[in-house]
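First comes the structure, then the notes that go with it.
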Amino acid sequence: MESFNVKGNTRLSGRVKISGSKNAAVALLPAAVITEDNVYLENLPDITDVRTMIEILENLGVSIRRRGRNALDLTPGKLSKIAPPYELVKKMRASYYFMGSLLARFGRAEVPIPGGCDLGPRPIDQHLKGFSALGADINIEHGMITLSADKLIGAHIYLDVVSIGATINLMLAAAAAEGRTVLENVAKEPEVVDLANFLNAMGASIRGAGTDVIRIDGVKKFSGANHAVIPDRIEAGTFMLAAASTGGNITVEDVIPKHLEAITAKLREIGARVKVEPERINVEAVDHLVPTDIKTFPYPGFPTDLQPPGMVLLTAARGLSVITENVFDGRYNHVDELKRMGAQIKVEGRTALVEGGNQLSGAPIEATDLRSGAALIIAALMADGDSQVRAVEHIDRGYENFEQKLIHLGALIQRINEKDYDQLSCNPE
Ligand code: EPZ
């Protein structure tokens with residue numbers, strides 16, 4: 001296990017180039033197997049989840065040529081297997097996108113049931129309901145989901161829950177289904193739109209991505225395509241919130257401001273100065289932050305992935321702020337760690353009451369997922385005194401060069417390996 005030693009009382013200031021979107025990349029990579037022709041993807045973030053996805057593709061027989069750190073050529077024509085290996089699939093939930101893309105390519109897929117996560121239960125009933133509506137037979141046994149369809153037939157599917165995963169998975173399968181598929185009550189996230197654009201570049205016929213209704217006319221064959229991944233709005237939002245939290249001044253570059261409107265609006269409500277330009281946003285902290293309510297919702301609402309860093313910011317706003325987590329049942333694992341730093345937070349069901357205004361104090365804390373990990377590092381930077389943030393492997397999953405970017409903004413942060421950490425703590429003075 002690795003940890004970060006973080007010096008407190010740090011103001012983050014400067015410019016940071018935002019990487020490609022993790023949540024777009026982990027959908028685009030499995031989607032590439034829908035074609036036999038070559039695919040070129042660029043602006044891929046160099047993070048653990050992307051490397052795992054590349055390992056899975058190579059295991060399935062796709063030949064991959066790295067073109068620099070953030071780009072690659074894929075040749076899915078040599079794909080020979082339809083069952084991604086369990087030891088890789090269990091590392092990341094997004095592997096379940098191979099259900100949709102392998103079904104579209106071969107009419108068959110065998111994918112292990114995705115692991116749980118520290119965000120509470122994460123069912124895939126909407127994915128399976130949709131695959132069944134498209135004509136797939138589904139068998140679940142020994143932890144494996146086997147899907148097969150002699151022919152996928154277009155259908156009218158109404159999602160009971162707005163789900164990014166289900167929207168993406170069903171778009172993948174429907175792209176090759178015979179006839180028209182209408183998906184209703186779908187997710188409108190930019191990552192869904194990015195995937196639809198990629199599939200259309202490969203010859204799919206998808207309209208309405210980014211709205212409540214997506215219409216897909218299936219096609220028999222797909223071509224290759226070149227595609228650049230959209231910027232990561234969650235990474236950008238994390239740095240924007242960090243600027244306001246640490247009393248700093250940060251410009252996030254290479255972003256799409258439209259994707260960040262909920263965060264920009266909330267930061268202005270809390271009192272930070274936000275200046276928006278076509279491809280960059282500057283956030284300047286102010287001394288007096290205003291307590292504010294945050295309610296998470298599917299896009300274009302305030303994203304659940306920024307609720308943890310949003311909570312950290314609100315600990316610095318004197319007075320009572322109320323957070324309502326409407327997307328996941330259990331996304332408050334970071335609260336206990338923040339309370340160890342002196343935060344005054346009370347959780348009741350989906351609601352967290354944050355009594356802000358007292359400076360946090362440095363402490364040993366532990367990340368439980370990548371977004372809570374990023375939030376805890378921001379808390380450590382703004383706290384009085386030093387902190388050790390453990391289990392930073394979570395952060396490596398979704399934030400490219402996170403500590404280098406923070407150091408560039410003025411952070412004093414050092415990555416240490418746990419065994420070194422133990423040595424440090426057991427060495428007599
Ligand atoms: C995506 O997860 C993101 N992951 C998550 O980001 C993000 O937190 C989440 O969307 C919500 O925005 C990727 O894009 C790889 P959902 P996903 O299906 O698709 C319920 C991060 O930190 N639901 O939109 O799994 C579900 O339980 C990660 O980058 C069903 O009930 O989320 C949840 O309450 C964490 N049945 C809600 O819908 C289903 O079949 C939204 O989940 C599917 C989902």
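The values are calculated or read from the model by the stated rules, or taken from the named source; none is laboratory data. All values reported here derive from a predicted model rather than from experimental measurement. Please note: Cβ atoms are built from the backbone with ideal geometry, for glycine as well, and neighbour counts cover all protein chains shown. Heads up: the accessible areas ignore ligands, DNA and RNA and are worked out on the full protein's heavy atoms, side chains in. Shrake-Rupley method; radii C 1.70, N 1.55, O 1.52, S 1.80 Å.
Using the 1.4 Å probe convention, the accessible area of segment 331-419 works out to 38 Å² per residue with neighbouring protein chains retained. Evaluated at 4 °C with a viscosity of 1.567 mPa s, what Stokes-Einstein diffusion coefficient in µm²/s does segment 31-121 have when Rh comes from the Kirkwood expression over alpha-carbon pairs? The Stokes-Einstein estimate is 96 µm²/s. Between Arg207 and Arg318, the simple spin-label model (points 7 angstrom out along Cα→Cβ) gives 5.7 nm. Each other residue within a Cβ distance under 13 Å of Ser205 adds +1 if Lys or Arg and -1 if Asp or Glu, for a net charge of +3. Projecting the Cα atoms of Gly208, Leu74, Val335 onto the charge dipole of the chain, computed from C-beta unit charges around the Cα centre, puts Gly208 farthest toward the positive end.
When you work out D = kT/(6 pi eta Rh) for segment 245-320 at 37 °C and 0.692 mPa s, using the Kirkwood radius from C-alpha pairs as Rh and the Stokes-Einstein form, the result is 257 µm²/s. The P(r) of the chain has a tail past 29 Å containing 46 percent of all C-alpha pairs. Peptides 384-394, 136-146 ordered by packing proxy, namely the average of other Cβ atoms within 10 Å per residue, highest first: 384-394, 136-146. Counting only aspartates and glutamates at least 8 places from Lys7 when in the same chain, those with an alpha carbon closer than 13 Å to its own are Asp384, Asp386, Glu403. Computed over the Cα atoms of segment 186-323, pair by distinct pair, the Kirkwood hydrodynamic radius stands at 16.4 angstrom.
What is the sum of charges, Lys and Arg at +1 and Asp and Glu at -1, for the other residues whose Cβ falls under 9 Å from the Cβ of Val322? Don't jump to the answer; show the numbers that get you there.
Details: positive: Lys295; negative: Asp293.
Combined, the nearby Lys, Arg, Asp and Glu give 0.
Per-atom-type breakdown for the chain gives carbon and sulfur 48% of the accessible area (1.4 Å probe, protein chains only). Across all Cα pairs in segment 104-179, the calculated P(r) in 5 Å bins from zero up to the longest distance comes to 3, 15, 27, 25, 18, 8, 3, 1 percent per bin.
Between Lys78 and Asn358, the contour length at 0.36 nm per residue exceeds the Cα-Cα span by 94.9 nm. Solvent-accessible surface of segment 253-294, taken per residue with a 1.4 Å probe and all protein chains present: 53 Å². Rounded to the nearest 500, the 222 nm mean residue ellipticity of the chain from helices alone is -9500 deg cm²/dmol, with -39,500 (n - 2.57) taken per DSSP H run of at least 4 residues. Take the Cα of Asp217, step 7 Å toward its Cβ, do the same at Asp287, and the gap between the two points is 6.3 nm.
The dipole here belongs to the chain: it is taken about the Cα centre, uses +1 on the Cβ of Lys and Arg and -1 on the Cβ of Asp and Glu, and is about 760 debye.
Please compute the per residue accessible area over segment 105-225 with all protein chains in place, 1.4 Å probe, rounded to a whole number of Å².
Numbers: 4960 Å² over 121 residues.
The answer is 41 Å² per residue.
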